[in-house]
1. Can you compute log10 of I(q)/I(0) for the stretch 1-119 with the Debye formula, treating each Cα as one identical point scatterer, at q = 0.17, 0.22 Å⁻¹?
2. Compute a Gaussian network model of the chain, connecting alpha carbons closer than 10 Å, and tell me which residue from 16, 110, 84 fluctuates the most.
3. So for the chain, what are the equivalent ellipsoid semi-axes in whole Å, largest first, each being the square root of 5 times an eigenvalue of the Cα gyration tensor?
4. Taking a ≥ b ≥ c as the square roots of the Cα gyration tensor eigenvalues, with a/c under 1.5 meaning rounded and otherwise prolate when a/b beats b/c, else oblate, which class fits the stretch 3-43?
5. Arrange the following residues from fewest to most other Cβ atoms within 10 Å of their Cβ: 174, 88.
């Protein structure tokens, strides 16, 4: 789990039925939190003294929540926004992703103390749930977002060094991407969420970055 308190958020809309072919606003981000877990079970079908290669199957979960602060109009200035310098919270986005994963895992030891691990996983199906709050409107509204199908990929590499026989330190990098199919929906819940017709939507997320890791092995 972790948090973040910086970032930018573009809110783009295509609303020809309201006379707005294209609307775009820019906001900051704050009060961000995220959490994830992966659980796998696998088998090494190739194994030697200094390398091993295996397959695995498992499950991945990822959730994120953040507030949008301030609002600067980028396109269509008639759309309502706040004054420059106003950093009030104008909206919140909560999202959750679940997906099965299957993949390959490889490990090699070029020297006695250095170890290199790499995993690549394919997500054959995703389930997405989200809630998008809008706080600048006369009546506070939110949209319920749903989607499934789709797919994804998760790639991770780790280079570690064994300080002792039990303690190792490492640095790694990862890239995650998940998306829904084109039949996802967004339902406006201004009055009655279950009565409003769903609108077309497609959702996707990408994360990449580096991380540090410390591990201790019990004898």
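1. The computed values of log10 I(q)/I(0) come out as -0.90, -1.15.
2. Maximum fluctuation in the GNM of the chain, among the listed residues, is at 16.
3. Values: eigenvalues 363, 85, 37 Å².
Each semi-axis is √(5λ); the values are 43, 21, 14 Å.
4. Values: a/c = 5.48, a/b = 1.96, b/c = 2.80.
Oblate is the answer for the stretch 3-43, as a/c is 1.5 or above yet b/c matches or exceeds a/b.
5. Lowest count first: 88, 174.
No lab work stands behind these numbers, since they all come straight from the coordinates. Being a predicted model, the structure only gives us computed values, none of them experimental. Note that we place each Cβ from the backbone using ideal geometry, even for glycine, and neighbour counts take in every protein chain shown.
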